[in-house]
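What follows is one structure encoded as structure tokens, with my remarks underneath.
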Amino acid sequence: MTNRQESPPQSQEIEPSPGLRIALAVSSILLTVLVFILYLPTISAPALYDETYLLAWWKNLLQAGLLSHEGLAFLSFAGCDIRDATSPCGNLATLIVAALSGGKIALLHFTGALLHLGNCLLLFGSILKIQSLARGTISQSTDSNLANFAAAATAALVFGLSPLAPEAVSWLGGFPILLGTNLSLLAFLLLCFCASNTEKQAEKRNLIMGSMAGCLALLASLCSAHLAVVVFFPAVCVYLATRKIVD
């Protein structure tokens, strides 16, 4: 009699229940409303301090042209505070937003709040996905699902309503950091989806998604130098761990 070693069946990810889907939609809407209520005074506020300086600089840049000497100087601008460590990609995106808004301070502040909201929702989705990867499958226990959902919603709410650096949201100089964080979280979420797709037929899709995540992470590091380590290190650790390459 021969002993056969059979590989354990691949865990299948179970779709969340309709109740959790409704809770996800309600939480996202509630978070959106609360974020915009919190930053409503900022959206209607006039330009202050460095914002006045930046608006004047952007106006001159749009007249002089991006390829002018002044335009190249702006792309290499490290931020009003050198600790921001902003880089060309974020500065270019900032200039594009300024041009599209016509330099209107209310629209620029609204865009900043919108980018911050995007970070809140991406963080919400990333935590839920990480919880799913940590378990291998979505737990069928209602109590476990509710506890994990509550933890993800609380983290997103705290990040949305009490950011560590509110000036990055409410001041125009924070555009590159906000955009870079958007790209970082999106890259991280894509890699989480890659890690969850372990089937043989998903290799091509994983390759495409992984390449997209790498491009987004590179753009994030070109928005602010701080974001290079923030996105690459945890994403690589999660990817290796879920593929059983490291413990």
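The values are calculated or read from the model by the stated rules, or taken from the named source; none is laboratory data. Bear in mind the structure is a predicted one, so any value in this text is a computation, not a measurement. Reconstructed Cβ throughout: ideal geometry from the backbone, glycine too, with neighbour counts over all protein chains shown. Accessible surface is based on the protein model in full, side chains and every heavy atom, while ligands, DNA and RNA are left aside. Shrake-Rupley method; radii C 1.70, N 1.55, O 1.52, S 1.80 Å.
Applying the criterion of being surrounded by 13 or more Cβ atoms within 10 Å (Cβ to Cβ) and polar (S, T, N, Q) to the residues of region 29-59, the residue that is farthest from LEU161 (Cα to Cα) is THR52. Is one or more of the residues making up region 182-199 modelled with pLDDT of 80 or more and under 22 Å from ILE37 (Cα atoms)? Yes, region 182-199 contains a residue that is modelled with pLDDT of 80 or more and under 22 Å from ILE37 (Cα atoms).
Scanning region 76-94 for residues that are crowded, with 19+ Cβ neighbours inside 10 Å and out of contact with any strand residue (DSSP E or B) (no Cβ under 7 Å at 6 or more places or on another chain), we see that the one that is farthest from SER170 (Cα to Cα) is CYS89. For region 162-179, filtering for residues that are closer than 16 Å to LEU34 by Cβ and either modelled with pLDDT of 85 or more or β-branched (Val, Ile, Thr) (or both) leaves 1. If you filter region 172-226 down to residues that are of a type in the set (Ser, Thr, Tyr) and not in a helix (DSSP H, G or I), you find that the one that is most open to solvent (accessible area, probe 1.4 Å) is THR198.
Given the criteria within 29 Å of LEU31 (Cα to Cα), in contact with a Leu (Cβ under 8 Å, 6 or more places away or on another chain), at pLDDT 85 or above and surrounded by 15 or more Cβ atoms within 10 Å (Cβ to Cβ), does ALA113 qualify?
The answer is no for ALA113.
The residues on offer are ALA47, ALA25, ALA78, and the sole one that is among the aliphatic types (A, V, I, L, M), part of a loop (DSSP other than H, G, I, E, B) and under 25 Å from the mean Cα position of the chain (by Cα) is ALA78.
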